[in-house]
Amino acid sequence: MKFIAVHGGAGRRSDKSVRSKALDAVMKALDIGIETLKSGNALDAVIAAVVSMEDSPYLNAGIGSALNLIGEVEMDACVATEDSCGAVAGTTIARNPVLLAKRVMETDHLLIAGKGADMLAESYGMSVDSNEFFITERNRKRRKEAVKVLLGETEGIPEEKIKKRNEYIDRVYPKLRELIRHYSQYISFSDTVGAVAFDGEHLAAATSTGGVFLKLPGRVGDSPIFGAGTYVGNGIAISCSGIGEQIMKTTLAKNIANLYAFGLPIELAVKSAMLMASKEFENPSMGAIAVSHEGITIYHTSEAFVAGYAKLKGSEIVERKVSDVWR
Ligand code: ASP
């Protein structure tokens, strides 16, 4: 048997029209992943699925990425197999961050961040001219609303000033903590993307994200951190979504893999690790997809988790489902 699962993020349930667009984008990615998996390997399948979701403006990766506090996009991505891993963090110009992560995988390094990631994207001809390329009107609006909640101001501070003055960050930072703790609905729109696959022999996982809304410039989430948001090892491949700080603090993906290695069935390993991790937080928001030779598990403690999976016998699809609630 071959397995593939994809996700379009764990978070709160968005309104009906946005939800259906996100579900469509995840369905399309699943189909692309299935087609690739029919004749190709797990690594090619997860990359093809994630590239397709990075290209969707309705998901938080590549085009459509979340905006940081100063209104710019900084993207993180990771790709992994049993043998290797590559990741990028804080890239502002990589056209498809997951493809850049694949390039890093081919070097001796594991994670390239910020300026270095952008330089690498340029030197491989994988960059776009401007960060604006990734910014959608919908996200500009979302950021404005979140800033309004944060500062209690309608118009806020003019964009030029926001970019120039550290004072803005000083003013906002203490409130940002408050916002994350008590009003996560304004920033955890989620829609991060990921895929995991088993091609009958090998496993692969990939995750890509713009991170959380209003993050401080330079903030890196769990997605590119091997063992936190993405992991392959101990016979299991995992991609997570949710509030990165929670996932990093609890090394969620590695804990799932440890429980699996300990002998728990895949479903129980995912569920136990996530419930244990969630107990540590007031407002836990996490989701994960996992595959092994045994099968597929999709689970979340967030309100919603847009995800889908397929099981294949040779080229025949024997099971296929996409949904935004899995518990
Ligand atoms: N985990 C991502 C991050 O914190 C966000 C998400 O999954 O929505 O960067």
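We did not get these values from a lab; they are worked out from the coordinates using the rules stated. Bear in mind the structure is a predicted one, so any value in this text is a computation, not a measurement. All Cβ positions, glycine included, derive from the backbone under ideal geometry; neighbour counts span all protein chains shown.
Brief remarks on what is shown
- Between P224, A113, S272, the Cα set farthest toward the positive side of the dipole of the chain (charges on each charged residue's Cβ, about the Cα centre) is that of S272.
- Label point at E122 placed 7 Å out along Cα→Cβ; residues across region 63-104 whose backbone nitrogen lies under 15 Å: 91-95
- Calculated on the Cα set of the chain, radius of gyration then Dmax: 18.4, 59 Å.
- Taking I256, I243, I317 in turn, the Gaussian network model of the chain (Cα-Cα springs below 10 Å) assigns the largest fluctuation to I317.
- D_trans [Stokes-Einstein, Kirkwood Rh over alpha-carbon pairs] for region 207-290, 10 °C, 1.306 mPa s, µm² s⁻¹: 126 µm²/s
- In this simple spin-label approximation, F133 and V325 carry label points 7 Å from Cα along the Cα→Cβ vector, and these lie 3.9 nm apart.
- Gain upon complete extension [S20, E72; 0.36 nm per residue less C-alpha separation]: 16.1 nm
- Ratio Rg/Rh [Cα only; Rh per Kirkwood] for region 65-143: 1.02
- Global form of region 6-73, assessed from the alpha-carbon gyration tensor, a/c cut-off 1.5: oblate
- Think of the chain as having a plus end and a minus end, set by charges on the Cβ of Lys, Arg, Asp and Glu; of H202, L67, A49, L67 sits farthest toward the positive end of this dipole.
- For the residue pairs K21/K148; K16/K144; K28/K311; K249/K271; K38/K313, alpha carbon separations beyond 19 Å are given by K21/K148; K16/K144.
- Charged neighbours of G8, selected by a Cβ distance under 9 Å, balance to -2 (K, R count +1; D, E count -1).
- Hull volume per residue, based on the alpha-carbon atoms of region 260-327 and their convex hull, is 79 Å³.
- Gain upon complete extension [M276, R12; 0.36 nm per residue less C-alpha separation]: 93.0 nm
- Value of relative contact order over the chain, rounded to a whole percent, pairs C-alpha under 8 Å and six or more apart: 26 percent
- Per principal axis, descending, Cα span of region 6-123 in whole Å: 44, 43, 21
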